[in-house]
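The structure under discussion appears below in the form of structure tokens.
The values are calculated or read from the model by the stated rules, or taken from the named source; none is laboratory data. Because the structure is predicted, anything quoted here is derived from the model rather than measured. Methodologically, a virtual Cβ is constructed for each residue, glycine included, from the backbone with ideal geometry; neighbour enumeration extends over all protein chains shown.
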Amino acid sequence: MLHPGAWWIWALGMATAASRTTNLVLLALILAVVALVVAARRGSAPWARGFKYYLYLALIIIAVRVVFRVLLDAGAGTTELFTLPELPLPEAAAGIRIGGLVTAEAVVSAVREGLRLATLIICIGAANVLANPKRLLASVPPALHEVAVAVTVALSVAPQLVVSAQRVNRARRLRGDVGRRTHVLRDIVVPVATDALDRSLMLAAAMDSRGHGRARAVSVATNRAITLSVVVGLGCLCVGTYASLDATLGWALAAPMLGAGLALSGVGLVLSGRRVDITRYRPDPWSWPETAVATCGVLVAGAVFWLAGNDPAAINPSPSQLGWPTAPAIAMCAVLLGALPAVLAPRLPETALPAGRLAHP
Amino acid sequence: MRTVIAVAGVLAGSLGVLFAAPQAGAAPGPCPGASGVTVVVDFGAFGGGVEVGCAPGDPSTGYAALVGADFDVQGASRSPSFLCRIDGQPDESLDLCIMPPPATAYWSYWIADRGKDWCYSSAGMSGRDPQPGTVEGWSFVRGSGAGGTAAPRSSTFTPVAGGGSTGVDCDAATTATTAAPRATVPRSSVAPGTTPRQAAPAPAGPGVDPGTGVAPGGGQPAAPGATTTTPTVTSQTTTAPSTSAVAGADTTTSSTEPTDGEHSSDGTAPDGDDGDSEGDSEEALSTVTLADSGRSGPGGPLGTALALGTVAAVAAGAVVVNRRRFRVSADALSIEGVSGDGVSGDGIDPTG
């Protein structure tokens, strides 16, 4: 059972690599590598079974992108496919075009963008499927505990919905409701949403009864110090981020602001950690498989970033060139590195028994 | 899962139909007659000159007009409707061409009827359909503020009978007026390494210069059989090319064009008033650089087959591993389903 942080670092590394490229072949390879690792190392817990829904979501994203591009702005190209009737707009909206010429280059570029977003989502979905969210909450430092509690409850909504959908489906099949006319809203959406909400409330109550939301009393001065340092730190971070993105202000303002923001926020978080009174029971160890898995993700991200600077035409191909899609061999080898966690991570018991203590050795 | 693979396969197969070679067949210099769209590109921001080409027929968008006039056009990777590079300028040191170019360094789009003033186009290169007989202009703008925009430093050529109209009526006071006509360099449509300008039967024909209001003087072009190697680049004297001469030029230029777009150097800075500039223009035009030598362009079908084969192998591995590990399907009536009703079974146990 791998430390969940390692899986998240790996998945974020793959997502970072995917965000840097629009090469069709490279994105498809990242997708395939992530799917391979998920297939090899996911557990059989219900929260680990929703990966195919992320794939469906990915297809929907690509389709929506292509449809919007075709409808709104698909004229930049030389390979004309067809022409949609153009909707006449007033002169004030001369820069906007609805309908019109549709070229292959524009459609391919929409597919590229859609695939990039889809790969990002699938990487995060893989992290959700591979890393036990409850163990992740247990490994978070006390300073971030309250944030982590809220994030965990929120993260459990998606797998919770999957579980509820499966239960509702099972009940309907046992009742013989499948095959008859279905009112989607009444028969599926409402029961699933109600079930998911009930279970989330049960989870919150269970966590509360175990003391997760309790806070220790600290002095007024500490409270004020916490508030001040967090607020000022966040303000400095905002200013620093804006300055780093703005061309005219530059790094002279951004660097000190970012540094000060990080320092102040860190101080605020450490101080607020004193308010939380928790101990950790049997924390997950971090040993060499975790380091190896995390390193794979970081290496893939670093390699794609370096290649994007070195060979931009291959990693971010020009939209006006339609050609045989390919990726440089070195980029493909770098992405294949990301498949190593499929063998480096410890194997899970391959059983169809219900999840519970048995599935978490 | 199978439907996912099937849909992806169909998409990939249909995309294989669309790999077409770029079109060829443009002529240098402004369009002689009422058909075709004249395209003017001002490389002044990069130290170059003004290049004039003609996109034959009726291009459907400003982008198609640029490509039809034999310019190498590249849009931004993320938003292909934003024009980023023409003939490789600006290069990667100025703009990586991933995001749309900023308002402080971009190619501005101008339209004009022949003989009228340049108007700043309110639509993008893929958003309007240029009329045959009109002139399109592109000029690179640097700097910010209203003073930054500048029309291409070229006239809009003499009007031709039967030419179209852009339909835009812009006030001469509000648009940047055209500068004094500079010597323009017609698009070289000759492969690198070969003798430039095989074509021109009319030595001054393709080398036509902007002549607003200057009466066509000078000698008539030589007989169509003459093969002069370079056109004279003159500034003040103009010669209205006779349609027959230019028609001859058209056919001969198209026969010497290679299928790949070639690029002429951006450093072509023609001398302004040098009448006897045969040598100048020859050395200027013969410095042809292949702008895409630094790019690793799309590979052939073998590369694609290998790459897609790798992807397919990894994906197949994922499917196989998944099938083998979870042999009992996650069906509603399987064991894991029925007994998964308890609190500990559904993954909401907070103690893990």
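Within the stretch A:101-109, can one find any residue that is surrounded by fewer than 22 Cβ atoms within 10 Å (Cβ to Cβ) and more than 10 Å from chain B (Cβ to nearest Cβ)? Scanning the stretch A:101-109, I find at least one residue that is surrounded by fewer than 22 Cβ atoms within 10 Å (Cβ to Cβ) and more than 10 Å from chain B (Cβ to nearest Cβ), so the answer is yes. The set of residues in the stretch A:220-278 that are surrounded by 15 or more Cβ atoms within 10 Å (Cβ to Cβ) and of a type in the set (Lys, Arg) contains only A:ARG275. Of the residues making up the stretch B:84-138, those that are under 18 Å from the mean Cα position of the chain (by Cα) and within 8 Å of another protein chain (Cβ to nearest Cβ) are B:GLU92, B:LEU96, B:CYS97, B:ILE98, B:ALA123, B:GLY124, B:MET125, B:SER126, B:GLY127. Checked against (1) over 22 Å from A:THR83 (Cα atoms); (2) in contact (Cβ under 8 Å) with a residue 60 or more places away in the chain, B:SER60 meets all criteria but (1). Of all residues in the stretch A:23-44, those satisfying the criterion of being under 16 Å from the mean Cα position of the chain (by Cα) and more than 9 Å from chain B (Cβ to nearest Cβ) are A:LEU27, A:ILE30. Residue check: A:ALA334 meets all listed conditions (1) more than 10 Å from chain B (Cβ to nearest Cβ); (2) without any contact (Cβ under 8 Å) to a residue 24 or more places away in the chain; (3) within 18 Å of A:ALA28 (Cβ to Cβ) but one, namely (2).
Could you tell me whether any residue of the stretch A:110-132 is crowded, with 17+ Cβ neighbours inside 10 Å, in the same structural domain as A:VAL37 (by TED's automatic domain parsing) and modelled with pLDDT under 85? Yes, the stretch A:110-132 has at least one match. Can you find even one residue in the stretch A:135-156 that is more than 10 Å from every other protein chain (Cβ to nearest Cβ), more than 27 Å from the chain's Cα centre (by Cα) and either of a type in the set (Phe, Trp, Tyr) or surrounded by fewer than 18 Cβ atoms within 10 Å (Cβ to Cβ) (or both)? No, there is no match, as no residue in the stretch A:135-156 is more than 10 Å from every other protein chain (Cβ to nearest Cβ), more than 27 Å from the chain's Cα centre (by Cα) and either of a type in the set (Phe, Trp, Tyr) or surrounded by fewer than 18 Cβ atoms within 10 Å (Cβ to Cβ) (or both). A:ALA18: in a loop (DSSP other than H, G, I, E, B), more than 7 Å from chain B (Cβ to nearest Cβ) and surrounded by 16 or more Cβ atoms within 10 Å (Cβ to Cβ), yes or no? It is false that A:ALA18 is in a loop (DSSP other than H, G, I, E, B), more than 7 Å from chain B (Cβ to nearest Cβ) and surrounded by 16 or more Cβ atoms within 10 Å (Cβ to Cβ).
Kindly indicate the residue of the stretch A:200-218 that is closer than 16 Å to A:VAL147 by Cβ and more than 8 Å from every other protein chain (Cβ to nearest Cβ) and also modelled with the lowest pLDDT among those meeting that condition. Per the stated criteria, the residue is A:GLY213.
There is no residue in the stretch A:303-313 that is in a helix (DSSP H, G or I) and over 24 Å from B:SER93 (Cβ atoms). When restricted to residues that are more than 7 Å from chain B (Cβ to nearest Cβ) and either free of Cβ contacts under 8 Å to residues at least 24 places away in the same chain or under 17 Å from A:PRO4 (Cβ atoms) (or both), the stretch A:45-55 contains 3. Would you check if A:VAL25 is β-branched (Val, Ile, Thr) and crowded, with 21+ Cβ neighbours inside 10 Å? For A:VAL25, the condition - β-branched (Val, Ile, Thr) and crowded, with 21+ Cβ neighbours inside 10 Å - is met. All conditions in (1) in contact with a Leu (Cβ under 6 Å, 6 or more places away or on another chain); (2) more than 26 Å from A:ILE315 (Cα to Cα) hold for A:HIS3, with the sole exception of (1). When B:VAL73, B:VAL50 are checked against the criterion of being among the β-branched types (Val, Ile, Thr), crowded, with 21+ Cβ neighbours inside 10 Å, in contact with a Lys or Arg (Cβ under 8 Å, 6 or more places away or on another chain) and under 18 Å from B:ALA151 (Cα atoms), B:VAL50 stands alone in meeting it. Taken over the stretch A:205-233, residues that are part of a helix (DSSP H, G or I) and either among the hydroxyl-bearing types (Ser, Thr, Tyr) or on the phi > 0 side of the Ramachandran plot (or both) amount to 4. Of the residues making up the stretch A:265-282, those that are farther than 17 Å from A:ALA221 by Cβ and either in a helix (DSSP H, G or I) or aliphatic (A, V, I, L, M) (or both) are A:SER265, A:GLY266, A:LEU269, A:VAL276, A:ILE278. The criterion of at least 2 residues that are of a type in the set (Gly, Ala, Ser) is met, among strands (runs of 3 or more DSSP E) falling completely within the stretch B:53-141, by B:105-113. Filtering the stretch A:1-12 to residues that are under 11 Å from the mean Cα position of the chain (by Cα) and either buried (at least 24 other Cβ atoms within 10 Å of the Cβ) or among the aliphatic types (A, V, I, L, M) (or both) leaves A:ALA11, A:LEU12.
For the stretch A:68-89, the candidate set comprises residues that are part of a strand (DSSP E or B) and of a type in the set (A, V, I, L, M); within that set, the residue that is surrounded by the fewest Cβ atoms within 10 Å (Cβ to Cβ) is A:LEU87.
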